[in-house]
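One structure is given here, and the rest of the page talks about it.
What follows draws every value from the coordinates through simple rules; no lab data is involved. This one's a predicted model, so the numbers in the text were calculated from it and none came from an experiment. Neighbour counts are summed over all protein chains in view; Cβ atoms, including those assigned to glycine, are modelled from backbone coordinates with ideal geometry.
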Amino acid sequence: MLLGAVLSGGIVLAYFLPLLGVKTAPPDEWEVAYPRLFPSAAVAMLTGLFLAAAALWPVYGLWTLLIVFQLGMAAFMFITFTF
């Protein structure tokens, strides 16, 4: 659980660094400037989804799939409308 929180926190921090005044490349140049960003984000997302599902499964059972789907869609919408 701690691993998922650390990975998710790192991704969130990376998105908010420009708001803190840290100079970064514009989003159009991320693939060139940070070639490992997208694979790292994908691994962090999948790890977070798996850990969330593992944590919620004993309590909610099959409802966990719906809950994790909603959490994923909320994260996708947040990232989409942030940039």
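Here are the numbers for the structure shown:
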{"quantity": "Rg and Dmax [Cα atoms of segment 2-82; Å; Rg one decimal, Dmax integer]", "calculated": "14.6, 44"}
{"quantity": "Mean ellipticity per residue at 222 nm, deg cm²/dmol - from DSSP H runs of n ≥ 4 across the chain, formula -39500 (n - 2.57)", "calculated": "-25000 deg cm²/dmol"}
{"quantity": "Helix 2-16 vs. the chain, principal-axis angle (Cα, 0 to 90°, nearest 10)", "calculated": "40"}
{"quantity": "Stretchable slack from M73 to A25, in nm (0.36 nm times residue separation minus alpha-carbon distance)", "calculated": "14.7 nm"}
{"quantity": "Separation of the Y15 and V43 label points, Cα + 7 Å toward Cβ, nm", "calculated": "2.0"}
{"quantity": "Relative contact order, percent, segment 2-82 [alpha-carbon distance under 8 Å, six or more residues apart]", "calculated": "29"}
